[in-house]
Amino acid sequence: MSEHIFTLPDLGEGTVEAEVSEWHVNVGDLVKEDQPVVDMLTDKAAVEVPAPVTGTIVKLGGEPGDIIAVGAPLVVFETDASVNVNAAPSAASDKPRSASTPAPAAQATPSETPNAEPSRATVATAPIAPPAPLPAVNLTASTPAPAPAGIPKSVTTAKVLTSPVIRRLAREHRIDLAEIEGTGSRGRILRADFDAHLVKLERGPAPIPPRKRVGAKEVKVIGMRRIIAQRMSASKSEIPHFSYVEEIDVTELEQFRQLLNQQYAQYGVKFSYLPLLVQCVAKALARFPQCNALYDKERNVLVQHDPVHAGIATQTPDGLKVPVVHHAEAMSLPQLAQAIASAAQGARDGSASKHQLTGSTITVTSLGKLGGIASTPVINQPEVSIIGVNRAVERPMVVNGGIHIRRMMNLSASFDHRFVDGYDAAEFIQAIKEMLENPSHTFSAG
């Protein structure tokens, strides 16, 4: 028998340390080579780290929430054969599975949510091919059903192939993953498999009468919540925000949206206000490049971008994330609807790639039907602008001296006052308003 010390490998993109997110093994477990042992959380993504050898776990390098430096001991194995301890560590899977970052208000309608800051790598500049035209798309988020009745008390989450998100959902719902048949590669349990299993189970127990609640619990701020907290704090402390709120008459836009939904229903494409707004934002930014910029504080340079890489603040089971629709300026409305839905779903189920989670130049955030009247979105640092979508409602408005029922919606936008003047911000939003209120003209080619 020999001892093999597995050190934390380079997880890519200059990572020097990572946080222990979730262990899949315990001391004393016998694991096989390539079996996932731990999820490590970097600033950009959650990375599943496999075992480099077959052996018995002797020691784990930390608890969830602990920060491990690259090259520091991560796991100690006891192996049958002699293993070269100094050998290069096994490379971790480079597919990010979580990455919920948000620049403030994590990206929206698909399920749109408040601000979060996305992890940021290099900003993509090369054009990318637009998404394939019109496969079936479901813009509606899948929400886990409540814990079903009669569920097993013993929950297996570690010995099956699936993502950390599914494992966490399984624990929350007290679902034994061993009972789910995975349809992914090598039987991997996908989110669709998990949701389908929930549907098969009976709904929860009879309602419990209300009673006084006592006590409190301390929740350690780790993982994605730690990253969100740090970035939100940095944005609010370093950026002098100012917000601008404008009401938009979306009566005609709503009619146009319903027409689109009828025309594209056969393709499975569903339109919310979000793709319509993003296309208007992309058009308006051609006139207001100072709002489509990133501030590089290390070099003290404001980088104004020609392409529009729209961050879509999205609420996920792990917190607020901001997947990115790259080159929104080059997409048709159906392509935008499809790309936004795909990006949001990827953020929610952990399947989004690093490219899909980085590189935004401006962020759009929406709470959908929970959007309220107005909001003060937090800028997704180092961007300088963020646009929030509030709820659309019908209300009486004075039009040409008469009272008419109109469908109204507010936009709440925040800007970095160091680089965007109030007048420019107002003109930018007014340009968007003009386009949204005249959809037949704005989207005639779209």
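Among the residues making up the stretch 211-241, those that are of a type outside the set (A, V, I, L, M), more than 30 Å from Asp39 (Cα to Cα) and loosely packed, with under 15 Cβ neighbours inside 10 Å are Arg211, Lys212, Arg213, Gly215, Ser237, Glu238, Pro240. Taking the criterion of being of a type outside the set (Ser, Thr, Tyr), in contact with a strand residue (DSSP E or B) (Cβ under 9 Å, 6 or more places away or on another chain) and not in a helix (DSSP H, G or I), the residues of the stretch 215-267 that qualify are Ile222, Ile239, Pro240, His241, Phe242, Val245, Glu246, Glu247, Ile248, Asp249, Val250.
Within the stretch 338-359, restricting attention to residues that are part of a loop (DSSP other than H, G, I, E, B) and open to solvent by 20 Å² or more (accessible area, probe 1.4 Å), the residue that is farthest from Thr162 (Cα to Cα) is Lys354. Of all residues in the stretch 10-22, those being open to solvent by 20 Å² or more (accessible area, probe 1.4 Å) and β-branched (Val, Ile, Thr) number 2. Residues of the stretch 1-22 that are among the hydrophobic types (A, V, I, L, M, F, W, C) and modelled with pLDDT under 90: Met1, Leu11, Val16, Ala18, Val20. Among the residues making up the stretch 416-437, those that are of a type in the set (Phe, Trp, Tyr) and either in a strand (DSSP E or B) or within 14 Å of Arg287 (Cα to Cα) (or both) are Tyr423, Phe428. Whether a residue is open to solvent by 50 Å² or more (accessible area, probe 1.4 Å), out of contact with any Pro (no Cβ under 7 Å at 6 or more places or on another chain), in contact (Cβ under 8 Å) with a residue 60 or more places away in the chain and of a type in the set (Phe, Trp, Tyr) was assessed, and Phe415 does not pass this test. Going by the conditions given, is Thr42 modelled with pLDDT of 85 or more, of a type in the set (S, T, N, Q) and open to solvent by less than 80 Å² (accessible area, probe 1.4 Å)? It is false that Thr42 is modelled with pLDDT of 85 or more, of a type in the set (S, T, N, Q) and open to solvent by less than 80 Å² (accessible area, probe 1.4 Å).
For the stretch 45-65, taking the residues that are over 10 Å from Ser21 (Cβ atoms) and not in a strand (DSSP E or B), the one that is most open to solvent (accessible area, probe 1.4 Å) is identified as Glu63. Of the listed requirements (1) outside any loop (DSSP other than H, G, I, E, B); (2) within 30 Å of Ile67 (Cβ to Cβ); (3) of a type in the set (D, E, K, R), Asp193 misses just one: (2).
Of all residues in the stretch 360-400 being among the hydrophobic types (A, V, I, L, M, F, W, C) and more than 22 Å from the chain's Cα centre (by Cα), which is least open to solvent (accessible area, probe 1.4 Å)? So the residue we want is Ala392. Restricting the stretch 401-415 to residues that are outside any loop (DSSP other than H, G, I, E, B) and more than 16 Å from Ala426 (Cβ to Cβ) leaves a set whose member that is nearest to the chain's Cα centre (by Cα) is Met409. For Val25, the test of being open to solvent by less than 40 Å² (accessible area, probe 1.4 Å), out of contact with any helix residue (DSSP H, G or I) (no Cβ under 9 Å at 6 or more places or on another chain) and part of a strand (DSSP E or B) is failed.
Does Leu294 satisfy the criteria of being at pLDDT 95 or above, assigned to a strand (DSSP E or B), among the aliphatic types (A, V, I, L, M) and open to solvent by 50 Å² or more (accessible area, probe 1.4 Å)? No: the conditions fail for Leu294.
The values are calculated or read from the model by the stated rules, or taken from the named source; none is laboratory data. In this text, all values refer to a predicted model and were calculated from it rather than measured experimentally. Methodologically, a virtual Cβ is constructed for each residue, glycine included, from the backbone with ideal geometry; neighbour enumeration extends over all protein chains shown. Surface areas here come from the heavy atoms of the whole protein model, side chains and all, with no ligands, DNA or RNA. Shrake-Rupley method; radii C 1.70, N 1.55, O 1.52, S 1.80 Å.
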